[in-house]
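The values are calculated or read from the model by the stated rules, or taken from the named source; none is laboratory data. Since the structure is predicted, the reported quantities are computational estimates derived from the model, not experimental observations. Glycine also receives a Cβ, built like all others from the backbone with ideal geometry; neighbour counts cover every protein chain displayed.
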Amino acid sequence: MKPFALRDLVDDRPDDGVFRVNRALFRDPALFDLEMKHVFEGGWIFIGLSTQAERPHDYFTGFIGRVPIVVSRDGAGELRCFVNACPHKGVRLVQKLCGNARRHVCPYHSWTFDSAGANRNIKWQKNGCYSPAFDEENHDLAPVARFGEYRGFLFASLKADVPTLDEHLGEARKLIDLIVDKSPEGVELVPGRVCFTYAANWKMQLENCSDQYHFTSTHPSYIRILDQRAKEQSAEVVRSSIGAADFWQEDASGVTGGTMSFDHGHVLNWGVMPVSAALPEFEHAETWARLHGAAKRNWMFNMRNLTVFPNLQLAENASSQMRVIRPIAANLTEMQTWCIAPRGESDEARSFRIRQYEDFFNPTGMATPDDTVCYEEAQLGMAEQDRPWLQGHARGLTASVEGGNDYADMIELRPARSVLADAQLCDESLFGSYYRAWAARMAGVLA
Amino acid sequence: MIALGQVEAAALLYREGLLLDRMDFDAWLDLYTPDCVFWMPAWRDDGVQTVDPDRELSLIFYRGRRNLEDRVQRIRSGFSVASVVMPRVAHMIGNVLAEPVDEGTTRVDSSFIVNVHDVRTNRSHAYFGRYEHDLVLHEGDWKIARKVIRLMNDVVPTMLDIYGV
């Protein structure tokens with residue numbers, strides 16, 4: 001007996017112009033447990049960048065759903081990903097976030113593993129009176145079922161029966177290219193990780209990244225600061241990139257951006273940003289046009305919020321952020337966030353990028369707190385049961401078309417659906433892609 | 001040599017805490033020099049704090065009081081939902097150690113606990129860590145030229161603003 005039916009949770013009737021999500025998706029603990037098993041532990045998940053373990057024997061740790069993992073570069077230079085638990089008693093083997101080690105020794109009974117995950121020692125094995133059955137067991141660290149890399153972005157799946165990583169990422173690869181191609185040396189994480197929690201469901205963050213509608217409503221206090229700083233033009237105030245763009249200004253005319261949805265739940269929300277000194281990237285504007293062509297260069301300057309379903313968000317707007325969503329409970333989410341930057345950029349560009357990042361993205365800044373507080377206020381409202389259907393996925397339904405548009409064509413991007421928008425359209429239909437991918441991963445447990 | 005003594009240095013830190021507790025932001029801003037540095041470093045994955053705010057990330061970093069004024073303006077604007085129902089805070093500062101650096105500059109190390117009660121959600125949280133204040137004689141008054149906030153529990157529940165550390 002399956003406890004939930006998909007039709008009760010996601011009301012997806014394109015022919016009737018209806019796409020609705022039930023509040024239960026945000027609050028139900030039983031549904032949350034199923035999500036952890038089937039969405040996060042049952043398919044491809046982003047786990048980190050290859051630059052987080054660059055040299056032989058470098059490692060970093062993290063989680064796939066609730067399962068601790070370690071990504072280790074072995075002595076031959078190959079990256080591997082294991083469940084970070086000793087096969088002996090299940091103790092988490094590696095406690096540090098990152099480091100370099102040829103051997104990992106379990107703190108509990110000293111079972112020892114090399115950087116390729118092979119068991120190198122079981123303490124006092126000869127005197128252990130083990131049975132032959134034990135000796136026949138594999139005592140190495142358990143590799144994850146699937147592990148793959150796309151241009152330095154590492155993904156893993158605890159379930160083996162999943163599409164290839166290339167199939168999973170699909171067209172989203174071209175959007176990752178726009179970030180990685182900013183430097184011939186690729187991208188790196190600026191040292192300093194910022195972690196915060198909020199008392200609401202993980203899908204609040206999932207949607208918010210792609211939600212153009214909220215910007216002028218949630219962030220007027222920040223926008224006022226931007227306006228003021230733009231007028232002041234003094235060296236003292238933090239310079240702003242986003243203030244120079246008009247994709248979010250209500251009086252902007254014409255196409256200012258739009259959305260694209262891709263297979264497997266990846267979505268892009270984008271806005272036109274001029275190629276100008278308002279972005280730290282400007283120092284590369286000519287080089288990029290020469291290397292990649294003007295169209296791709298211009299896209300590298302556009303505001304782009306990309307979600308790679310279900311847990312990676314790459315936000316290129318006021319600065320450049322890599323976010324990883326880690327659900328803890330139906331009403332609690334942990335966010336791991338980094339500034340992601342092209343390697344080899346000038347000191348001035350790096351410092352400019354960092355300053356804008358802190359003000360906009362940090363939970364100690366002037367924008368994100370207004371988002372996270374709204375998530376929590378939404379979580380309170382999710383308790384309503386009599387009218388379960390949210391009305392937050394309906395904007396843009398009649399503007400959504402199959403395939404791409406002229407802007408997508410510029411970089412040969414082939415989305416499944418797209419919306420071209422003026423500043424006030426603020427498409428919500430792209431969220432449908434999240435819930436269809438969610439439903440696909442949950443298909444086995446939903447009636 | 002003009003130096004600020006232990007007692008006077010501690011008093012300045014206590015006053016700063018009191019002004020934040022009272023949300024008396026104008027008087028708080030007035031404790032800082034116009035070219036002050038206000039810095040809360042982030043933590044790196046290798047377990048040390050970031051040291052170069054121009055190449056590494058901070059939780060908060062400003063050069064110039066003008067940017068702190070922006071923070072205060074946002075809090076007071078009425079347009080920040082995170083600042084509509086203001087949390088209540090109480091700063092506790094201890095282990096104050098003042099050392100004169102040079103003529104007119106005193107370096108002060110201290111420990112802090114800031115208890116924050118989020119009225120909106122009825123949740124309380126304590127932020128704790130260490131402060132480093134560089135106090136300078138500025139136009140006849142001792143002011144804060146540099147404040148470093150070394151936040152130990154840096155996983156931020158929902159939000160953290162300037163009055164919470």
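Evaluate the following for A:Asp263: is it closer than 17 Å to A:His214 by Cα and among the acidic types (Asp, Glu)? The answer is no for A:Asp263. Please determine whether any residue of segment A:251-260 is without any contact (Cβ under 8 Å) to a residue 24 or more places away in the chain, hydroxyl-bearing (Ser, Thr, Tyr) and either crowded, with 23+ Cβ neighbours inside 10 Å or on the phi < 0 side of the Ramachandran plot (or both). No, there is no match, as no residue in segment A:251-260 is without any contact (Cβ under 8 Å) to a residue 24 or more places away in the chain, hydroxyl-bearing (Ser, Thr, Tyr) and either crowded, with 23+ Cβ neighbours inside 10 Å or on the phi < 0 side of the Ramachandran plot (or both). Checked against the criterion of being within 16 Å of the chain's Cα centre (by Cα), touching a residue at least 12 places away in the same chain (Cβ under 8 Å) and closer than 20 Å to B:Leu57 by Cα, segment B:98-116 has no qualifying residue.
Can you find a residue that is crowded, with 21+ Cβ neighbours inside 10 Å and under 20 Å from A:Leu206 (Cα atoms) anywhere in segment A:347-360? The answer is yes, given that some residue of segment A:347-360 is crowded, with 21+ Cβ neighbours inside 10 Å and under 20 Å from A:Leu206 (Cα atoms). A single member of B:Arg146, B:Arg107, B:Arg71 is of a type in the set (Lys, Arg), assigned to a strand (DSSP E or B) and under 23 Å from A:Arg353 (Cα atoms), and it is B:Arg146. Taking segment A:274-298 as the range and being in a helix (DSSP H, G or I) and either more than 16 Å from A:Glu316 (Cβ to Cβ) or among the acidic types (Asp, Glu) (or both) as the test, the residues that pass are A:Glu281, A:Glu283, A:Glu286, A:Thr287, A:Ala289, A:Arg290, A:Leu291, A:Ala294, A:Ala295. What tally of residues in segment B:14-29 results from selecting those that are out of contact with any Phe, Trp or Tyr (no Cβ under 7 Å at 6 or more places or on another chain) and assigned to a helix (DSSP H, G or I)? Within segment B:14-29, residues that are out of contact with any Phe, Trp or Tyr (no Cβ under 7 Å at 6 or more places or on another chain) and assigned to a helix (DSSP H, G or I) number 10.
Matching residues to (1) modelled with pLDDT under 95; (2) buried (at least 19 other Cβ atoms within 10 Å of the Cβ):
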| position | (1), (2) |
| --- | --- |
| A:Pro3 | yes, no |
| A:Gly17 | no, no |
| A:Arg20 | no, no |
| A:Phe32 | no, yes |
| A:Gly43 | no, yes |
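Among the residues of segment A:142-159, the one identified as among the hydroxyl-bearing types (Ser, Thr, Tyr) and in contact (Cβ under 8 Å) with a residue 60 or more places away in the chain is A:Ser157.
When A:Glu334, A:Glu358, A:Glu377 are screened for being over 20 Å from the mean Cα position of the chain (by Cα) and either more than 29 Å from A:Asp181 (Cα to Cα) or within 14 Å of chain B (Cβ to nearest Cβ) (or both), only A:Glu377 passes.
Of everything in segment B:125-149 that is under 17 Å from the mean Cα position of the chain (by Cα) and surrounded by fewer than 16 Cβ atoms within 10 Å (Cβ to Cβ), the residue that is nearest to B:Met86 (Cα to Cα) is B:Ala126.
For segment B:42-61, a tally of residues being more than 25 Å from A:Pro369 (Cβ to Cβ) and among the acidic types (Asp, Glu) returns 2.
Rundown of residues vs (1) within 14 Å of chain A (Cβ to nearest Cβ); (2) at pLDDT 95 or above; (3) crowded, with 16+ Cβ neighbours inside 10 Å, yes/no style:
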position	(1), (2), (3)
B:Phe79	yes, yes, yes
B:Asp102	no, no, no
B:Phe112	no, yes, yes
B:Asn115	no, yes, yes
B:Asp118	yes, yes, yes
B:Arg123	yes, yes, no
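Checking each residue in segment B:41-62 for being facing chain A (nearest Cβ under 7 Å), in contact with an Asp or Glu (Cβ under 9 Å, 6 or more places away or on another chain) and not aromatic (Phe, Trp, Tyr) picks out B:Ala42, B:Arg44, B:Thr50, B:Asp54, B:Arg55, B:Leu57, B:Ser58, B:Leu59, B:Ile60. Being in a loop (DSSP other than H, G, I, E, B) and either among the β-branched types (Val, Ile, Thr) or touching a residue at least 60 places away in the same chain (Cβ under 8 Å) (or both) is the filter here; which residues of segment A:4-54 pass it? Residues satisfying the conditions are A:Ala5, A:Gly17, A:Arg23, A:Asp28, A:Glu41, A:Gly42, A:Gly43, A:Trp44. So, of the residues in segment A:227-250 that are touching a residue at least 12 places away in the same chain (Cβ under 8 Å) and more than 30 Å from A:Ser418 (Cα to Cα), which turns out to be surrounded by the fewest Cβ atoms within 10 Å (Cβ to Cβ)? Across segment A:227-250, the extreme among qualifying residues is A:Asp227. Would a scan of segment A:85-93 turn up a residue that is part of a strand (DSSP E or B) and of a type outside the set (S, T, N, Q)? No: segment A:85-93 contains no residue that is part of a strand (DSSP E or B) and of a type outside the set (S, T, N, Q). Criterion applied to A:Ser351, A:Ser346 was being polar (S, T, N, Q), touching an Asp or Glu at 6+ places or on another chain (Cβ under 7 Å), within 14 Å of chain B (Cβ to nearest Cβ) and closer than 27 Å to B:Ser80 by Cα, and the one residue passing it is A:Ser351. Applying the criterion of being part of a loop (DSSP other than H, G, I, E, B) and charged (D, E, K, R) to the residues of segment A:94-144, the residue that is nearest to the other protein chains (Cβ to nearest Cβ) is A:Lys96. Does segment A:415-423 include one or more residues that are free of Cβ contacts under 8 Å to residues at least 40 places away in the same chain and outside any loop (DSSP other than H, G, I, E, B)? Scanning segment A:415-423 turns up no residue that is free of Cβ contacts under 8 Å to residues at least 40 places away in the same chain and outside any loop (DSSP other than H, G, I, E, B).
Each residue in segment A:196-213 was checked for being over 14 Å from A:Asp370 (Cβ atoms), within 12 Å of chain B (Cβ to nearest Cβ) and among the hydroxyl-bearing types (Ser, Thr, Tyr), and 1 pass.
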